[in-house]
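For reference, the structure is listed below as structure tokens.
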Amino acid sequence: MNDDRITTDRYVQIATLTLVAILAILAGMVLRSMAVVAIPVVMAIFVTLAILPLDRGVAAHMPKPLRWLGRAVVMIFLLLCIALFVGGLVYCVQRIAAQVPDLTEQLGSILPGPHEAGPAGLWQDLRNLIDARSGSLSSAMLEEAAGLAQMFANAMGMMITGTVLVLFLVLLAVSEGDLWHSKVGELSSGRGARDWYDVFETMGTTLRQFILVRTFLGLLTAAVYTAWLWPFAIDLLLVWALLTFLLNFIPNLGSLLSGVLPTFYAFLTLDFGTAFLIGAGLLVIEQVLGNWVDPKMQGRRVSLSPLVILIAVLFWSALWGVAGAFLATPMTLSIMIIANTIPPLRPVALLLSNECTHADLDKALACE
């Protein structure tokens, strides 16, 4: 009898996981088709969960008639953070785009000519691939740069529009925080309501810890990278420092890109030996910070599997582009926390986590 019950439970669990996988695929298709709306809404939810304690803390120290002023201060602070983040990305892309013509000239000078030694036809085929229809490498790259600039301008317009929408949604969500708190209590009853309160509190706490740790690690990594690059007199030092800080919010893949980009730039503008030395040093720094400092600071609460984080970054990047790359970890964290609260989905939460047992995951999320 017990064996039949165990078998039935396993079938139910397999059926549940299969249904979840099908629903996840369908949800992904919907989210991709509604990216223009979904990205600002998701970002607004995460930002609201992250800043809600700050808003309440400021409001608690303000007279009741002036609480709106405290909320305005919080929103200005949020606007400043977003502006600095977006402005940093814009500055880095503009500076790198301005270097494209010079870099293509450097690349053209590095490749051997048609009669120089090398694998039969390989270098010539590569040159033909890079050379433009007009035969001018720099002219072709200038045309490509103009196209990229237009795409970048369109993306910046959408980003600015999305930022305004996010701020507006966050303002409304924060203003109605107490109202939604009451609604959850009314729609749920007894322990169920308390469970969902705990879920939202855990999500907010985890997101704040993630943001604070990534910010500190980004500053630390940028400082160490800059200190290593400084003696080599490499150009765009401020750009590499800013990119290192910003890409640190994309775990694993971001740190790899922040090391590859200056190394490749050094290969084009300096000699091969210097570029190799720069790349080797950045790799050692990344390994030390990523494998020792990062886990120590992040703690167990943000207990996602590194493999899951990498897959999540690739998945959400394919779904939502650059915005998806930055939202990948918060999205996966939220899915893990919610799944851990729903009994049939707890195996999904355990698979996403970096823990070995459900008890360890509960302890990491402070669910008990």
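All of the numbers you see were taken from the coordinates with simple rules; none came from a lab. Quantities reported herein were computed from a predicted structural model and do not represent experimental measurements. We place every Cβ from the backbone using ideal geometry, glycine too, and count neighbours over all the protein chains shown.
Miscellaneous remarks
- Using a Förster distance of 35 Å, the FRET efficiency for GLN94-ARG208 (Cβ separation, nearest 0.05): 0.65
- The simple Förster model, with R0 at 56 Å and r as the Cβ-Cβ distance, assigns ILE335 and ASP235 a FRET efficiency of 0.85.
- Each residue of region 248-263 is assigned a 3J(HN,Hα), and the resulting list reads 5, 7, 10, x, 6, 5, x, 5, 5, 5, 5, x, 6, 4, x, 5 Hz, derived from the Karplus form 6.51 cos²θ - 1.76 cosθ + 1.60 (θ = phi - 60°), x at Gly and Pro.
- Relative exposure of PHE326, PHE276, judged by other C-beta atoms within 10 Å (fewest first): PHE276, PHE326
- Fully extended contour minus Cα-Cα distance, from ARG346 to THR226, at 0.36 nm per residue: 38.9 nm
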